[in-house]
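Colleague: Before I ask anything, let me first share the structure, which is written out below as structure tokens.
Derivation of every value follows stated rules applied to the coordinates shown; laboratory data play no part. Quantities reported herein were computed from a predicted structural model and do not represent experimental measurements. Every residue, glycine among them, receives a Cβ derived from its backbone with ideal geometry; neighbour counts consider all protein chains shown.
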Amino acid sequence: MAETLEKLDDLVSLCKRRGFIFQSSDIYGGLASCYDYGPLGSELKRNVKNEWWKAAVQMRDNMVGIDCSILMHPMVWKASGHVDKFADLVTVCQKCNTRTRVDHLKNAENEPATNNDLEKMVCPSCGTTGKFSEPMAFKLMFETQMGANADDAMNVFLRPETAQGIFVNYSNVLNSSRVKIPFGIAQIGKSFRNEVTTKAFIFRTREFEQMEIEFFCEPGTDDQWYEHWKTARMQWYLDLGINKENLRFRDHDPDELAHYAKACVDVEYKFPFGQGDWQELEGVANRTDYDLRQHQRGMRAVTRWIENKRDTLGTTLPDERDDWHKGPLSYFDEPNKKRYVPYVIEPSAGADRGTLAFLVDAYAVDEVGGKPRNLLKFHPKLAPIKAAFFPLVKKEGMPEKARAMYDDMRGLFNCFYDEKGAVGRRYRRQDEAGTPFCVTVDGQTTEDNTVTVRDRDTLEQVRVNCDQIKSYLREKLDM
């Protein structure tokens, strides 16, 4: 029976050895919490994003996509609340000088911290109890300047989430597309957070990629859509091969809900690190109408600034008026002759965390011929390489035959050609890369026009006619 991953270090080693993920700027000693995806890793992550996009947009009638700018007007972040509220409470261990988020601290009984009992908390770095400074706010947004020189430069932020780009384009999409509520807008893109604590390889980093949906619905139907998206997002991971025993829902307690949320649930995965192992993989939140209402207030603030020429941007937003539900970001329901600001359900997943979960879940070690074999049991849709083509030996026309088959297949899916070393070693290399099938041209090929197809997981080898190999692999790969 195959063993699963117990230590994250084993996966990190495999990822570097096989070209999945490297430390960024490695030749200069690396940059903490920054990673580069290598040849196999970039294919894997792209496949994760492609499958998400297919499920979120292509296969749904009421979804459209968008790709928003990373840099946006600073009033976006003022209106969303990020400028004033997007910060973590941190404390410093006075023994080892390690800075830690207060909500990540635990006591000796592994219970979470509160602001009032730091004297009971244990430093995760040195193990000292109760030697912490007073909590202080740590702002999470990266700030930079946009402009040719200091005189006309504007302070802007690297976006900490992709959601706000969708909200500020809500009316643009509504007015330019044939969509009606309920409908959703999906986006995949980079976000940046100056995290206090980074950890566990690519699980929490300062630069990351999000896969987010903002689904707009009529108030009163939001609970129904919230349950719909909970089920749909859990099923997506199961359909792509994640072990059901490694997934669960965790509802947020009322005291941990974000200020904009009516309800929120995390899809958690049992990672091989951290305290308790269960860690957030994706969140599904009912954001109510908070964001659209806030941006209506932000739009009025900008209008007031333009008209009066005396108030400055970044001041307190104007109070909401009684007619906020008739504002520029409201929706008019023509059949029912009513207007409202939509509620929003947000499934928000991390492409990097998702990639890590698929790596962890696929990792296995079994024994073949008395020797351990490392392999990655990716679902075929996610596998970086779908099939590898080998000549058994470099003679008798085998390389030419194998190469011709490889050239014929590469237009359909990503595949690999290898003629170097013993065929057994070539199999092992592809096992570690997660390649589902290896096709070998051998001496029998010239006799009956068949090749050997080896299954990564079962090690079963079958003979397939060369004329049928394309349809055989497409069926097996579900393509």
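Colleague: Summing Lys, Arg as +1 and Asp, Glu as -1, what charge do residues with Cβ under 10 Å from the Cβ of residue 457 carry, residue 457 excluded? Write down the numbers at each step before the final one.
Modeller: Working: positive: 377, 456; negative: 366, 431, 455, 460.
Charge balance in the 10 Å sphere: -2.
Colleague: With n ≥ 4 as the cut-off for DSSP H runs, can you work out [θ] at 222 nm for the chain, using -39500 (n - 2.57) per run divided by the number of residues, rounded to the nearest 500? Working shown, then result.
Modeller: Details: 13 runs with 134 residues, N = 479.
Value at 222 nm, helices only, nearest 500: -8500 deg cm²/dmol.
Colleague: So what is the relative contact order of region 207-287, in percent, for Cα pairs below 8 Å that sit 6 or more residues apart?
Modeller: Working: 79 pairs, mean separation 19.7, N = 81.
Worked out over region 207-287, it gives 24 percent.
Colleague: Given an 8 Å cut-off on Cα distances and at least 6 residues of separation, report the relative contact order of region 89-164 as a percent. Working shown, then result.
Modeller: Working: 115 pairs, mean separation 18.7, N = 76.
Here the relative contact order equals 25 percent.
Colleague: Restricting to Cα pairs below 8 Å that are 6+ residues apart, what does the relative contact order work out to for the chain? Please round to a whole percent. Provide the component values of the computation, followed by the final result.
Modeller: On the way: 858 pairs, mean separation 67.0, N = 479.
Relative CO of the chain lands at 14 percent.
Colleague: Order of 343, 226 from fewest to most other C-beta atoms within 10 Å?
Modeller: Working: 343 25, 226 22.
The fewest-first ordering by Cβ neighbours comes to 226, 343.
Colleague: Could you tell me what a quarter of the Cα convex hull surface of region 88-137 works out to, in nm² with one decimal place? Display every interim value, and only then the final one.
Modeller: Numbers: hull surface 11.1 nm².
Taking the Cα atoms of region 88-137, their convex hull projects to 2.8 nm² on average.
Colleague: Hey, can you rank 59-66, 279-286 by average C-beta count inside 10 Å, highest first? Write out the running numbers ahead of the final one.
Modeller: On the way: 59-66: 13.9, 279-286: 21.8.
The most tightly packed comes first, giving 279-286, 59-66.
Colleague: In addition: Identify unpaired cysteines across the chain, taking unpaired to mean no other cysteine Cβ lies under 4.7 Å from the residue's Cβ.
Modeller: Isolated Cys, the chain: 15, 34, 68, 217, 264, 415, 438, 466.
Colleague: Could I ask something else about it? Per Stokes-Einstein, at 37 °C and 0.692 mPa s, what whole-number D in µm² s⁻¹ belongs to region 217-273, with the Kirkwood radius over Cα pairs as the hydrodynamic radius?
Modeller: The estimated diffusion coefficient comes to 254 µm²/s.
Colleague: Sticking with this one: When 405, 146, 141 are ordered from fewest to most other Cβ atoms inside 10 Å of their Cβ, what list results? Intermediate results must be reported in sequence, preceding the final value.
Modeller: Numbers: 405 21, 146 11, 141 18.
By the 10 Å Cβ count, ascending, the order reads 146, 141, 405.
Colleague: Something else about it: For a Förster distance of 45 Å, can you work out the FRET efficiency between the beta-carbons of residue 98 and residue 462, rounded to the nearest 0.05?
Modeller: FRET efficiency, residue 98 to residue 462: 0.20.
Colleague: Taking the Cβ of each residue in 395, 230, 139 as the centre, tally the other Cβ atoms inside 10 Å and list the residues starting with the fewest.
Modeller: Numbers: 395 8, 230 18, 139 12.
Listed from fewest to most nearby Cβ atoms, that is 395, 139, 230.
Colleague: Now a separate question. Quick one: of the DSSP bridges fully inside region 385-476, what percent are antiparallel, nearest 5? Kindly include the intermediate steps, with their values, before the conclusion.
Modeller: Numbers: 9 of 17 bridges.
Beta bridges within region 385-476, antiparallel portion: roughly 55 percent.
Colleague: Over its Cα atoms, what ratio of radius of gyration to 2.2 N^0.38 Å does region 385-476 give?
Modeller: Working: Rg = 11.7 Å, N = 92, 2.2 N^0.38 = 12.3 Å.
Expressed relative to 2.2 N^0.38 Å, the Cα Rg reads 0.96.
Colleague: Hey, rough spin-label estimate for residue 395 and residue 334, points 7 angstrom out along Cα→Cβ, what's it come to in nanometres?
Modeller: That separation, rounded to one decimal, is 7.6 nm.
Colleague: Just to check, using Stokes-Einstein with a Kirkwood Rh over alpha carbon pairs, what's the diffusion coefficient of region 65-186 at 37 °C and 0.692 mPa s in µm²/s?
Modeller: Stokes-Einstein gives a translational diffusion coefficient of 185 µm²/s.
Colleague: Which of the following values of percent of Cα pairs over 30 Å apart was calculated from the structure shown: (i) 56; (ii) 50; (iii) 60?
Modeller: It is the value labelled (i).
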